[in-house]
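I am attaching a structure below and will ask some questions about it afterwards.
Every number in this text was worked out from the coordinates using simple rules, so none of it is lab data. All figures in this text were calculated on a predicted structure; none of them were measured in a lab. Don't worry about glycine lacking a Cβ; one is built from the backbone with ideal geometry, like all the others, and counts go over all protein chains shown.
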Amino acid sequence: MQSRRVFIQQMASATAFASLGGLSLTSCTQPLSKKITVLHTNDVHSQIDPLPENHYRYPGLGGFARRASIIEAVRKENPNTILLDAGDIFQGTPYFNYYGGEIEFKLMSKLNYDLATIGNHDFDNGIDGLFGQLPNATFDFVSANYDFKNTVLDSHVKPYKVLVRDGIRIGVFGLGVQLEGLVNKNLYKETKYLDPVEIAQDMTQALKQEEKCDIVICLSHIGYDYKKSPDRISDLNLAKKTKDIDLIIGGHTHTLLPKPTVVDNAAGEKVLINQCGNSGVYMGQIDFYLDNKGNKTSKGRSIAV
């Protein structure tokens with residue numbers, strides 16, 4: 001069994017390279033013109049401070065202050081960086097019980113998050129509680145398969161958003177887990193759950209054909225994999241059943257990947273999937289490299305916070 005220190009070192013140094021858009025790995029020696037960095041978190045669960053020093057697995061790790069230092073360093077190295085969160089921002093420490101999400105959103109705003117999606121625990125104070133905290137967030141929320149019509153969130157959550165860095169168009173859409181049976185209906189009220197695969201196909205078509213995006217990212221809170229229910233929708237199954245998604249940033253199952261998983265999509269093209277555990281102990285970094293012909297390569301790692 002590996003020691004905690006060895007495991008963390010391996011996680012922090014792990015990299016995954018993928019061929020995206022038909023560019024072979026040997027082509028990495030060719031001149032590349034632009035680099036886009038994607039930093040991401042998931043399932044932070046109101047963990048504002050580092051974990052306790054007596055934590056059974058990650059003593060003293062995590063916390064917003066350490067994350068802020070890492071983000072600042074990455075942005076200094078590459079100003080063309082975006083910062084995303086895959087949901088379950090709320091619930092897990094007394095900060096949420098007392099402040100109802102205010103601290104989480106204000107700190108994420110100070111870290112200049114670009115976008116987040118909505119996890120099931122983000123409804124724990126009800127949809128009205130979530131709506132009430134939105135003024136504390138300077139970033140937007142994206143969720144394409146939650147229909148918020150007839151709720152207070154109608155028009156306040158976008159299905160997708162296009163971010164532009166150095167002329168590169170990055171389309172980001174969100175997907176959420178089935179709420180029925182997981183969250184009390186009194187909390188999410190009239191929110192309707194739509195099929196993630198169908199919605200993902202609609203979103204990728206819009207982002208690639210209408211919005212002319214160079215990179216398409218799915219912010220997912222549907223779970224990485226369900227071995228006991230292999231047919232259940234998950235990030236792995238979503239990647240295999242769709243096309244034109246370059247990266248799936250996952251949440252919900254608290255899966256800690258040593259490096260991004262690479263799978264073939266419905267068109268035989270490579271898709272990266274990454275998820276970084278929970279409580280903000282790790283965050284992910286994916287670097288996309290685009291040459292003058294629009295070809296893409298990527299590499300990724302998990303960073304111990």
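Could you please report the charge total around residue 72, scoring K, R as +1 and D, E as -1 over all other residues with beta-carbon less than 14 angstrom from its beta-carbon?
Result for the neighbourhood of residue 72: +4.
Now a separate question. Set the Förster distance to 30 Å, then compute FRET efficiency between residue 178 and residue 57 from the Cβ-Cβ distance, nearest 0.05.
So, using R0 = 30 Å, E works out to roughly 0.55.
Could you calculate the FRET efficiency of residue 33 with residue 138 from 1/(1 + (r/R0)^6), where r is the beta carbon distance between them and R0 is 35 Å, rounded to 0.05?
0.70
Could I ask something else about it? If the reach is capped at under 15 angstrom between alpha carbons, list the aspartates and glutamates near residue 227, excluding any in the same chain fewer than eight residues apart.
235
Next question, about the same structure. Nothing charged except the Cβ atoms of Lys and Arg (+1) and of Asp and Glu (-1): what's the magnitude of the dipole of the chain about its Cα centre? Round to the nearest 20 debye.
920
Where nothing but the Cβ of Lys and Arg (+1) and of Asp and Glu (-1) is charged, how large is the charge dipole of the range 33-131 around its Cα centre, in debye to the nearest 20?
Rounded to the nearest 20 debye, it is 580 debye.
If you place +1 on the Cβ of every Lys and Arg and -1 on the Cβ of every Asp and Glu, how big does the dipole about the Cα centre of the range 85-138 come out, in debye to the nearest 20?
180
Taking amide H positions as placed 1.01 Å from N in the peptide plane, with prolines and chain starts having none, which residues 5 or more places from residue 140, or on another chain, fall under 5 Å of its amide H?
Those lying under 5 Å, H to H, from residue 140 are 116.
Calculate, for residue 109 and residue 240, the FRET efficiency according to 1/(1 + (r/R0)^6) with r their C-beta to C-beta distance and R0 35 Å; round to the nearest 0.05.
The value I calculate is 0.45.
Whole-Hz Karplus ³J(HN,Hα) for the range 252-268, in order, using 6.51 cos²θ - 1.76 cosθ + 1.60 and θ = phi - 60°, x for Gly and Pro?
Couplings: 5, 8, 6, 7, 9, 8, x, 7, x, 7, 10, 10, 8, 8, 5, 9, x Hz.
What pairs in 106/192; 212/259; 192/228; 259/296; 212/293 have C-alpha atoms more than 20 Å from each other?
Pairs exceeding the cut-off: 106/192; 212/259; 192/228.
Which of the aspartates and glutamates could be linked to residue 299 by a straight reach, that is with a Cα gap under 17 Å, when you skip same-chain ones fewer than 8 residues away?
77, 214, 246, 264, 269, 287, 291
As a test of understanding, state the convex hull volume per residue of the range 159-302 from its alpha carbons, in Å³.
Each residue corresponds to 128 Å³ of Cα convex hull volume.
Let me ask you something else. First select every other residue whose beta carbon is under 10 angstrom from the beta carbon of residue 87; then total the charges, Lys and Arg +1, Asp and Glu -1.
Charge balance in the 10 Å sphere: -4.
Report the one residue of 300, 56, 196 whose Cα lies farthest in the direction of the positive end of the charge dipole of the range 4-304 (charges on C-beta: Lys and Arg +1, Asp and Glu -1; origin at the Cα centre).
300
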